[in-house]
1. Over the chain, what is the relative contact order in percent, taking alpha-carbon pairs closer than 8 angstrom and at least six residues apart?
2. Describe numerically, in nm with one decimal, the distance between label points set 7 Å from Cα along Cα→Cβ at D50 and at E254.
3. Per-residue HN-Hα couplings for the stretch 114-127, Karplus 6.51 cos²θ - 1.76 cosθ + 1.60 at θ = phi - 60°, whole Hz, x for Gly and Pro?
4. Among the DSSP beta bridges whose two residues both lie in the chain, what percent are antiparallel, rounded to the nearest 5?
5. Which part of the stretch 190-208 falls in the paramagnetic zone of E230, meaning amide N under 18 Å from the point 7 Å along Cα-to-beta-carbon?
6. Only one of the values (i) -0.56, -0.65, -0.81; (ii) -0.36, -0.45, -0.65; (iii) -0.40, -0.49, -0.69 was calculated from this structure for log10 I(q)/I(0) by the Debye sum over Cα atoms at q = 0.08, 0.09, 0.11 Å⁻¹; name its label.
7. If amide hydrogens are placed 1.01 Å from N in the peptide plane, which non-local residues have theirs closer than 5 Å to the one on R110?
8. Tell me, in nm to one decimal, what length is gained between A76 and V131 on full extension, where the rule is 0.36 nm per residue of separation less the Cα-Cα distance?
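The values are calculated or read from the model by the stated rules, or taken from the named source; none is laboratory data. As the structure is a computational prediction, the values presented were derived from the model and not from experiment. No Cβ is skipped: glycine too gets one built from the backbone with ideal geometry, and neighbour counts run over all protein chains shown. Heavy atoms of the whole protein, side chains included, go into the accessibility calculation; ligands, DNA and RNA do not. Shrake-Rupley method; radii C 1.70, N 1.55, O 1.52, S 1.80 Å.
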Amino acid sequence: MSDFARPRAVVDDQGTTLDLGRVERVVSLVPSLTEAIAVTAPGLLVGATDWCSHPVGLEVARVRGTKNPDVAAIVALRPDLVVANEEENRAADLTALRAAGVAVWVTEVRTLDQAFRSLERLLTVACGLPVPGWLDEARRAWAAPASPFRFPFPGGPRRAVVPIWRRPWMVLGRDTFAGDLLRRLSVEQLYADHAERYPAVPLDSLRASGANLVVLPDEPYRFTAPDGPEAFPGLPAALVSGRHLTWYGPSLREAPAVLTAQLARAEIAAPER
């Protein structure tokens with residue numbers, strides 16, 4: 001009998017102990033983890049949220065959203081494991097799943113290095129899979145990413161505000177995965193020392209922050225060329241892929257190249273001062 005078929009105690013990212021046997025049916029409540037599992041072991045995943053858009057064409061049962069999962073529907077799928085994230089999913093829903101006898105593995109990801117460790121543990125320790133090739137490729141891609149900036153920015157280093165929502169305006173703050181990726185791409189995030197992880201900041205304060213770049217991802221709020229840059233007149237605006245900035249999974253392989261190109265376009269478009 002395989003070691004992964006025997007009853008075993010494993011510990012998730014938050015130090016919670018789960019009793020698992022062979023894992024053959026998984027429900028994912030996190031888009032990043034849905035893609036990671038589906039690409040690594042096609043057929044293992046039996047359920048995912050409505051927001052799980054990758055891999056394209058994924059055919060599994062849908063269990064509503066990350067913040068309002070259908071607990072009864074998840075239990076009915078008889079999963080050996082539900083995978084969740086401490087930021088994306090509500091503790092009350094995870095508690096309800098555990099009360100129904102479902103094993104729940106919770107990830108905690110706030111830096112790139114933490115993402116690599118978390119993904120490897122989820123796939124190998126929890127699911128009993130070998131380390132996937134895409135994870136090694138992602139590590140190599142981020143080992144020494146090229147800077148997207150070829151020329152000095154007006155006013156010195158690239159000091160950015162990174163809105164994630166408007167009405168009200170909210171930005172990346174301290175201790176975020178996306179902020180760590182931007183740091184590795186030579187972007188200084190101005191609110192990285194804020195007391196909150198996603199603070200609400202008035203637009204006038206963002207404009208007066210000393211930023212010389214605004215980074216606008218297309219999720220969770222879908223910033224676009226006509227919706228976002230106009231709020232920061234005079235600042236170069238980088239419209240970037242939210243999936244490549246905030247997802248941790250197979251997209252990490254291409255994220256350095258995608259984000260570098262998108263940030264570089266903002267540099268080319270920067271107004272002369």
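1. On the way: 499 pairs, mean separation 42.0, N = 273.
For the chain, the relative contact order is 15 percent.
2. 2.7 nm
3. For the stretch 114-127, the Karplus curve yields 5, 4, 4, 5, 5, 4, 5, 5, 4, 6, 8, 6, 7, 8 Hz.
4. Working: 10 of 30 bridges.
Counting only bridges with both partners in the chain, antiparallel ones make up about 35 percent.
5. 203-204, 207
6. (ii)
7. A115
8. Values: separation 55, 0.36 × 55 = 19.80 nm, distance 2.97 nm.
Taking 0.36 nm per residue and subtracting the Cα distance, the gain is 16.8 nm.
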